[in-house]
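Here the structure comes first, spelled out in structure tokens, and everything after it is commentary.
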């Protein structure tokens, strides 16, 4: 277990890459209160990840959501062909999905990311004609966190751009579904909103993982 | 009845309840001949909604009031050369595509210094020889495009000094500078773009990035 945590920490540093230019940000030495002492830096890093990775991490409170690799197309195909239970999905795909070597891939594909979270047993889903894999939330905690995020975006008039949209727009009304948040390509919000969302959703695992 | 409305409006303007400038812009946004010109050029708009609405070509039959709320204007591939005056009437745009329209930096300055596009989220200026042998840069722009998040300047023929002042666009999250002749990054002062998350610099003349 300790070994696993150590590897994740190490990878956390490794993944401080800045987009396609491949500019590597300076890594921070790990200390006991690393997160609390360096919350600005942590948020700075998380804000550079694909937004859906951040959304996954705060809704599921699973830090693995930040760095899980994108599932291969054949996994997407099997999951979207007919529904596979969470238990079976983990049994079949867990060890076939590794970790991303960048939190912000150039060729990021939303459905492949969603397939990863299903294969890792993080998310539940249903097969959808258009979206192939549609995230569904059954756990009461997760639903609450989704509502918290949704309401925060609405109340603070934060503009988001989804995968199939050309520009960012405010989240209007409460018709937005959990799966919509897993299609966010860009969020127009300052760093303090990331910090607020982590606090509001009590996403302690992001903190624990970083510390 | 119309006299009464006129009087109410007159007193509202007089006593400051209505912003006169806004009133003028909202009541006379485009002339019908502007719309005919747009239709002939093949301009594409998305009239309303929040990004899901389908883009459609401007039709001569469209009314000026239909266009005032357009959020998207796509003119890519149209041989504009100069920025048409009707473009400044689109003051609610979130997305403006001027890729491959044969405009130069003088036209871009005209566009941006007009201060008309305060809501713009995405601006695409790619595939225009903006700078051909010019030393002009973005330094002359200040406080422009306050909410612009995405700027595409790929293949615009510039050197590093031409993109100086890009850091004035404070909210930029995504910047595409690919396919230019940038040989150093210092003049761009990218470190001042605190929200920058994605930058494309491929196909330039950079040898090493510190």
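Relative contact order of the stretch B:31-200: what whole-number percent is it, with Cα pairs under 8 angstrom and at least 6 residues apart?
Details: 383 pairs, mean separation 24.6, N = 170.
Once normalised by length, the contact order is 14 percent.
Return B:147, A:149 ranked ascending by Cβ neighbour count within 10 Å, so the fewest neighbours appear first.
Working: B:147 16, A:149 21.
The fewest-first ordering by Cβ neighbours comes to B:147, A:149.
If one computes the Cα centroid of the stretch A:118-141 and of the stretch A:158-181, what distance in Å separates the two points?
Comparing the Cα centres of the stretch A:118-141 and the stretch A:158-181, I get a distance of 18 Å.
I'd like the mean, over residues of B:165-178, of how many other protein chain beta carbons sit within 10 Å of each residue's own Cβ.
Mean partner shielding for this stretch: 1.
What's the center-to-center distance, using Cα atoms, between the stretch B:125-194 and the stretch A:74-115 in Å?
So the separation of the two Cα centres works out to 38 Å.
Once the cut-off is 18 Å, how many percent of the Cα-Cα pairs in the stretch A:52-182 end up in the long-distance tail? Can you show the working numbers first?
Numbers: 4521 of 8515 pairs.
It works out to 53 percent of all Cα pairs.
Is there a simple number for the mean count of other chain Cβ atoms within 10 Å of the Cβ of residues in B:195-201, and what is it? It would help to have the intermediate numbers written out before the result.
Details: counts 5, 3, 10, 8, 5, 4, 5.
What the average comes to for B:195-201 is 6.
Using only the Cα atoms of the stretch B:31-200, what do you get for the radius of gyration and for Dmax, in Å?
Calculated on Cα positions, Rg and Dmax stand at 15.9, 50 Å.
Sort B:179, A:83 so the one with the fewest other Cβ atoms within 10 Å of its own Cβ comes first. Numbers along the way, then the final one.
Working: B:179 18, A:83 13.
Ordered by Cβ neighbours within 10 Å, fewest first: A:83, B:179.
None of the figures in this text is laboratory data; all of them are computed from the coordinates on show. From a predicted model like this one, the values you see are computed outputs, not experimental measurements. Here Cβ is always computed from backbone atoms with ideal geometry, including for glycine, and neighbour counts include all displayed protein chains.
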